[in-house]
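The values are calculated or read from the model by the stated rules, or taken from the named source; none is laboratory data. Keep in mind that what you see is a predicted model, and the values were worked out from it rather than measured. No Cβ is skipped: glycine too gets one built from the backbone with ideal geometry, and neighbour counts run over all protein chains shown. The protein model used for the area step is the full one, side chains on, heavy atoms only, and it has no ligands, DNA or RNA in it. Shrake-Rupley method; radii C 1.70, N 1.55, O 1.52, S 1.80 Å.
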Amino acid sequence: MDDPTATPDAAILARRLLDIVNASWMSQATCVAAELGIADLLRDGPRTADELAVLTHTDPPSLHRLLRALTTLDICRERDDGAFEITPMGALLGGDDATPGSVRAWAIWWGKHLWPVWGELLYSVRTGKSARKLLMGTEGFKHLENDPEKAALFNRALVELTRLATDSFVRTYDFSGLRRIVDVGGGYGQLLAAILAANPAISGILFDLPHAIEGGRRHLDDAGLAARCEFVAGDFFQAVPPDADAYILKSVIHDWDDARSRQILESCRRAMHADARLLLVEQMLPDRLEATAAHQFIVRSDLNMLVAHAAGERTEAAFREMLGATDFRVNKILPAGLTFSVIEAFPVQ
C-alpha cells in the first residue's frame, strides 16, 4: 500500500503548514528593521549594506543577510549595483512624523513586547489566565505605569492601528446633533482627533490613565484641536466624565473579561444623561470561523487578548447580552472599517 504522506498533495499541505509554523521569522525580521530605522535611512535614496551597517552600528555581513531577507517580504529591494532601496510598503516602517500610515511602533511592540507573551500561549489555553501576568506579575496595563518608554511605544502603536479605521468610522457614523463626546480609554486620542476634525461643532474629552494623557495632549495640539478638547486622567472602573452626548470606547471592552467589562459599561451608564449614547468600536467575532484573511485577523487579536489580558473578542450575541445586563439597549450595528463594527446603544429608561 502506498504511503499517503508521500503523495504530492501531502507534500503541498506540509509545505503550507511549514509556512505557517515558520512565519515567526517574518515578524522578527520586520521588528528588527523597524528598530534599526531602515526605512528612515533609505527614505532619501538607496544605500549599501556597508553604509547602513555604519549608521546602525551592526555587523555588515549580518545586516546584508537581513536586508536580502527583507527583499523577499517586499520591504526593500536589492538593486543591480548591490545597494538597497525601500519599497512603498517598507516605507510604512518609517518614523511617525515623517510617514503617514506608519506601523513602525506596532511592529516593534509585537516583535519585542508581545513576543515573550505569545510564547506562553499554551499556559493561557490550559488555564484561561494571562500569560503576561505569569511573566510579569501585572494585570491590565499596570506594566506601563512605571516604564514611560514602553508606555509611549504602546500608545503610539495604538495610534497607528486606530488610524487605519478612523476614516471609515467617521464617514460611516452620523455625529450630527452631538455637542460633547468622551473618548473613554482613548490613548493619545487618534479617534477623537478624527471626529473633531470632521465635526467642527463638537468638543471632546480625552479620558485615560495618566501615562496616556500628556501624549494625547501633544497629539491633539499637533492636530490643532487641543482647544476643543479637555484632558482628564482617571480610572474607568470607578467613573468617567459625566453629561456628555456620546461615550466612545474603541478596542476597550476586548481588553477585559466579562466582569471587568461590565464595570466599565456601568461607569459609563452612571455618567450618561437620558439622551446620551454609547458607541462601542470593536471587532465582531463571527459565530463560525473560516480559513479567510479577515477571520485570521480577528482570531489573531482574540488570542492576543487571551495571552495578554485573559480577555478576548466577542460575538454580536455576547455584546448584546453584556449591554442588556448593564442597562443598555442596542439600537444599531454598523461596519466601521477593517474588521471593526460600531455598536450604538442607548440607556434603558
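Some values worked out for this structure:
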quantity: Those residues of the range 329-349 which are among the hydrophobic types (A, V, I, L, M, F, W, C), more than 18 Å from the chain's Cα centre (by Cα) and either open to solvent by 10 Å² or more (accessible area, probe 1.4 Å) or at positive phi (or both), in sequence order; calculated: Val330, Ile333, Leu334, Phe346, Val348
quantity: Helices (runs of 4 or more DSSP H) fully within the range 62-164 counting 3 or more residues that are open to solvent by 10 Å² or more (accessible area, probe 1.4 Å) and over 18 Å from Gly215 (Cβ atoms); calculated: 115-118, 121-127, 131-136
quantity: Pairs where the first residue, in the range 296-307, is in contact (Cβ under 8 Å) with a residue 60 or more places away in the chain and the second is surrounded by 15 or more Cβ atoms within 10 Å (Cβ to Cβ), C-beta under 6 Å, 6+ apart; calculated: Leu306/Ser124; Leu306/Gly312; Val307/Val117; Val307/Trp118; Val307/Ser124; Val307/Ala131
quantity: The lone exception for Arg43 - which of (1) open to solvent by 90 Å² or more (accessible area, probe 1.4 Å); (2) part of a helix (DSSP H, G or I) it fails; calculated: (2)
quantity: Matching option when the condition is surrounded by 20 or more Cβ atoms within 10 Å (Cβ to Cβ), out of contact with any Pro (no Cβ under 7 Å at 6 or more places or on another chain), part of a strand (DSSP E or B) and not β-branched (Val, Ile, Thr), among Gly216, Gly204, Gly187; calculated: Gly204
quantity: Pair list, Cβ under 9 Å, 6 or more apart: the range 112-134 residue on the phi > 0 side of the Ramachandran plot, other residue in a helix (DSSP H, G or I); calculated: Gly128/Leu306
quantity: Pair list, Cβ under 7 Å, 6 or more apart: the range 205-233 residue within 13 Å of Ala194 (Cβ to Cβ), other residue at pLDDT 95 or above and open to solvent by 50 Å² or more (accessible area, probe 1.4 Å); calculated: Ala223/Ala197; Leu225/Ala197
quantity: Members of the range 251-293 found to be among the hydrophobic types (A, V, I, L, M, F, W, C), surrounded by 13 or more Cβ atoms within 10 Å (Cβ to Cβ) and within 27 Å of Arg179 (Cα to Cα), listed by number; calculated: Val252, Ile253, Ile264, Leu265, Cys268, Ala271, Met272, Ala276, Leu278, Leu279, Leu280, Val281
quantity: Inter-residue pairs, beta-carbon under 9 Å, first in contact (Cβ under 8 Å) with a residue 12 or more places away in the chain and in the range 337-349, second open to solvent by less than 20 Å² (accessible area, probe 1.4 Å) and acidic (Asp, Glu), 6+ apart; calculated: Phe340/Glu282; Ser341/Glu282; Val342/Glu282; Ile343/Glu282
